[in-house]
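Q: Dropping the structure in here first, questions after.
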Amino acid sequence: MEFINIAIDGPAGAGKSTISKTVASEMGYAYIDTGAMFRAVALYAIRCGKNTEVGDEIAPLLPDIDIDIKAGENGNIIILNGEDVTGKIRTPEVSMGASNVGKIPEVRQKLLELQRKIAKSGNVVMDGRDIGTHVLPDAQVKIFLTASPQIRARRRLSELMEKGETVTFDEVLSDMIKRDENDSKRAIAPLMQAADAILVDTTHLTLPQSIAKVLDTVKEKAGEIL
Ligand code: DC
């Protein structure tokens, strides 16, 4: 039986996870947050005192890293070597670390295998940077979500402030621009809109409007297939 794969890619703060989660729940599909997998690798590396920018320091750790991803009430639950790290992978340090480890070929290969295995096991909405271009090139529906850097930084700032992090708008914006550049300029599987992806710009849309737009697009596309 062939399962439906919905790929949602885009830069940090474009609303991917909230939108993907809602679309998945409306469709009755599993939601898979691939960024969380890169974050788990980064957290492990940081805890080991390694430099996330150095492939030779990170690649040897991979056999010791086991990542499991489960459906939770509020998005995915990420299990790193048996420990629930869901709440620990959302710090600015881990965000940058995830972007760094995302450049390392061995990390991408390990996570690619896990991501494809999951997508083969049921209908999924998978979000990330390279889902439509590399992980699931045959996904039946591909969306590329974007928004201006200022809007994305503002949204990310309120998320971080809600969690009690003390960061400024300028710090969030400059981290985001650095991460965008890291993610789009890397040699393997860079952040890029797939040729057959539908572009959704959420700059001037509220969250409910963005969700409605993506959901309409998905239903229209999925309707053509089902
Ligand atoms: O989606 P996110 O912000 O949680 O992702 C964190 C980082 O992980 C992102 O800056 C780059 C990396 N990543 C990736 O390289 N490929 C993916 N499919 C998802 C995330």
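The values are calculated or read from the model by the stated rules, or taken from the named source; none is laboratory data. These numbers were taken from a predicted model, which means no experiment stands behind them. Backbone-built Cβ (ideal geometry, glycine too); neighbour counts: all protein chains shown.
Q: Looking only at segment 77-95, filter to residues that are crowded, with 18+ Cβ neighbours inside 10 Å and modelled with pLDDT of 95 or more; which one of those is nearest to T52 (Cα to Cα)?
A: Here the answer is V94.
Q: Look at segment 101-138 and say how many of its residues are acidic (D, E) and either buried (at least 17 other Cβ atoms within 10 Å of the Cβ) or within 12 Å of the ligand (Cβ to nearest atom) (or both).
A: Counting residues in segment 101-138 that are acidic (D, E) and either buried (at least 17 other Cβ atoms within 10 Å of the Cβ) or within 12 Å of the ligand (Cβ to nearest atom) (or both) gives 2.
Q: Here is a follow-up. Among the residues of segment 1-48 satisfying the criterion of being among the aromatic types (F, W, Y) and more than 10 Å from the ligand (Cβ to nearest atom), which is farthest from K219 (Cα to Cα)?
A: So in segment 1-48, the residues among the aromatic types (F, W, Y) come out as 3, 29, 31, 38, 44.
Checking the rest, the ones that are also more than 10 Å from the ligand (Cβ to nearest atom) come to 3, 29, 31, 44.
On the way: F3: 15, Y29: 13, Y31: 16, Y44: 38 Å.
Only one residue fits best here, namely Y44.
Yes or no, residue by residue, for (1) without any contact (Cβ under 8 Å) to a residue 24 or more places away in the chain; (2) touching a Gly at 6+ places or on another chain (Cβ under 7 Å):
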position: G13; (1), (2): no, no
position: K16; (1), (2): no, yes
position: A42; (1), (2): no, yes
position: R47; (1), (2): yes, no
position: E57; (1), (2): yes, no
position: P60; (1), (2): yes, no
position: L80; (1), (2): no, no
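Q: Against the definition (polar (S, T, N, Q), at pLDDT 95 or above, surrounded by fewer than 18 Cβ atoms within 10 Å (Cβ to Cβ) and part of a helix (DSSP H, G or I)), how does Q150 come out, yes or no? Please lay out each step first, then the result.
A: Working: polar (S, T, N, Q): yes; at pLDDT 95 or above: yes; surrounded by fewer than 18 Cβ atoms within 10 Å (Cβ to Cβ): yes; part of a helix (DSSP H, G or I): yes.
Answer is yes for this residue.
Q: Suppose we keep only residues that are within 12 Å of the ligand (Cβ to nearest atom) and within 14 Å of L114 (Cβ to Cβ) within segment 50-100. Which one would you say is farthest from the chain's Cα centre (by Cα)?
A: Filtering segment 50-100 for residues that are within 12 Å of the ligand (Cβ to nearest atom) and within 14 Å of L114 (Cβ to Cβ), the one farthest from the chain's Cα centre (by Cα) comes out as I78.
Q: Go through segment 204-226 and count every residue that is part of a loop (DSSP other than H, G, I, E, B) and surrounded by 13 or more Cβ atoms within 10 Å (Cβ to Cβ).
A: So the count comes out to 1.
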